[in-house]
Amino acid sequence: MTSLYGVIGNPITHSRSPQMHNRWFAEEGIDGQYFPFDIEPGRLEEAVRGMKALNIAGWNVTIPFKEAIMPLLDQVDDDAIKIGAVNTVKNCKGRLVGSNTDGAGFAASLLEKRTTEDIKQSSILIIGAGGAAKGIYYALTKLTPASITVANRTEERAVSLIQSIITPVKAQAVTIQECEKLLSSYDIVINTSSVGMFPHTERLPIHVSGLKNNALAADIIYNPLETAFLKEAKKCKADTLNGVGMFVHQGAMSFNQWTGTRPDTVKAISRITEELGGPSC
Ligand code: ATR
């Protein structure tokens, strides 16, 4: 019998996950189907009960349900508890188990641009302090970089992000203005904020003129493929990484949990990059 999978969110119509996972099922010869489910915010509990009753084998969770779904699951793994958000649910014979592949997906994408040794010696700046930033911060602490700085429009959120995760890595919270002044000291700068996302594509999360030559500028946004932040960073001779890699790797990690199979991420990154209308940044 065909195993059913999906993604729950609101809105969900623009999600590229169904296309990606359904291609992987076909490529890997697995009898599975992946559907988008648009759930009204007040009906999450009902939806989860329904998915359990229908024996949906696994699903992704996106905005605005990544935190709200946690108490509705039978088990949440340690990483997702520390991050405070779930993006993957696996139905283990009726027991719903939650995990989070967002941060690890970003780390896998970063490791296609920098070695673990490079990262150990890097000073990293994370711009933004929301859910995505927290997952990425947590995953990066495991790679033990020289330091991690978090800058956010609302500075208190950056402070509380750093306080919420215990790590031996040197970490600090700064204002956007402070990080702009210190910009030449960072080797890797990651935009996790939504600034620059379609339709406000001209917006910049920070002024990048002080960026170090050969620094890596990474954005988790993939619509547009090349954000204003990445465009400006290129002008400063920085290396760049767009959000497609994180999207593909987080999905591949979910797929692997559900099926025990590792899909071809290289092919998926180039296909999605093509579909989004350009060569990889
Ligand atoms: P996600 O789960 O995608 O990270 P989120 O938790 O809503 O979403 O976080 C969005 C991030 O983008 C936050 O860091 C937010 O900054 P604030 O904490 O100050 O709200 C940042 N962000 C969103 N819109 C912004 C804007 N116009 N200018 C600066 N930062 C913005």
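The values are calculated or read from the model by the stated rules, or taken from the named source; none is laboratory data. From a predicted model like this one, the values you see are computed outputs, not experimental measurements. Glycine also receives a Cβ, built like all others from the backbone with ideal geometry; neighbour counts cover every protein chain displayed. With ligands, DNA and RNA removed, areas are computed over all heavy atoms of the protein, side chains included. Shrake-Rupley method; radii C 1.70, N 1.55, O 1.52, S 1.80 Å.
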Please work out how much accessible surface Met197 shows to a 1.4 Å probe, ignoring ligands, DNA and RNA, in Å² rounded to 10.
90 Å²
List Glu40, Glu275, ordered by accessible area with a 1.4 Å probe, largest first:
Glu40, Glu275
How large is the helix-only mean residue ellipticity at 222 nm for the chain, computed as the sum of -39500 (n - 2.57) over DSSP H runs with n ≥ 4, divided by its residue count, in deg cm²/dmol to the nearest 500?
-10500 deg cm²/dmol
Using a Cα-Cα cut-off of under 18 Å, which lysines could be cross-linked to Lys93, ignoring same-chain neighbours fewer than 8 residues away?
Lys52
For the stretch 104-244, rounded, prolate or oblate, judged on the Cα gyration tensor with a ≥ b ≥ c (square roots of eigenvalues), a/c < 1.5 rounded, else prolate if a/b > b/c?
rounded
Projected onto the charge dipole of the chain (+1 at Lys/Arg Cβ, -1 at Asp/Glu Cβ, origin at the Cα centre), which of Gly251, Gly128, Leu54 gives the Cα projection farthest towards the positive end?
Gly128
Ranking Ser194, Ser164 from most to least accessible area with a 1.4 Å probe gives Ser194, Ser164
Kindly identify the stretch 194-257 as rounded, prolate or oblate by the Cα gyration tensor criterion: order the square roots of the eigenvalues as a ≥ b ≥ c, call it rounded if a/c is under 1.5, otherwise compare a/b with b/c, prolate if a/b is larger, else oblate.
oblate
Per residue, in Å², the accessible surface of the chain once ligands and nucleic acids are set aside, probe 1.4 Å:
47 Å²
Ranked from the most accessible area to the least, with a 1.4 Å probe and all protein chains present, what is the order of Asp38, Asp219?
Asp38, Asp219
Using Cα positions and a limit of under 27 Å, work out the lysines in reach of Lys120, with same-chain residues fewer than 8 apart set aside.
Lys82, Lys134, Lys142, Lys170, Lys181, Lys212, Lys231, Lys234, Lys235, Lys237
Answer rounded, prolate or oblate for the stretch 1-52, using the Cα gyration tensor with square roots of eigenvalues a ≥ b ≥ c: rounded when a/c is under 1.5, else prolate when a/b is larger than b/c, else oblate.
oblate
HN-Hα J in Hz across the stretch 145-158 - Karplus 6.51, -1.76, 1.60, θ = phi - 60°, x for Gly and Pro
x, 4, 7, 10, 10, 10, 10, 9, 3, 9, 4, 4, 5, 5
Taking protein heavy atoms only, a 1.4 Å probe, and rounding to whole percent, the accessible area of the chain owed to carbon and sulfur comes out at 52 percent
Quotient of Cα Rg and 2.2 N^0.38 Å for the chain, N being how many residues it contains
0.99
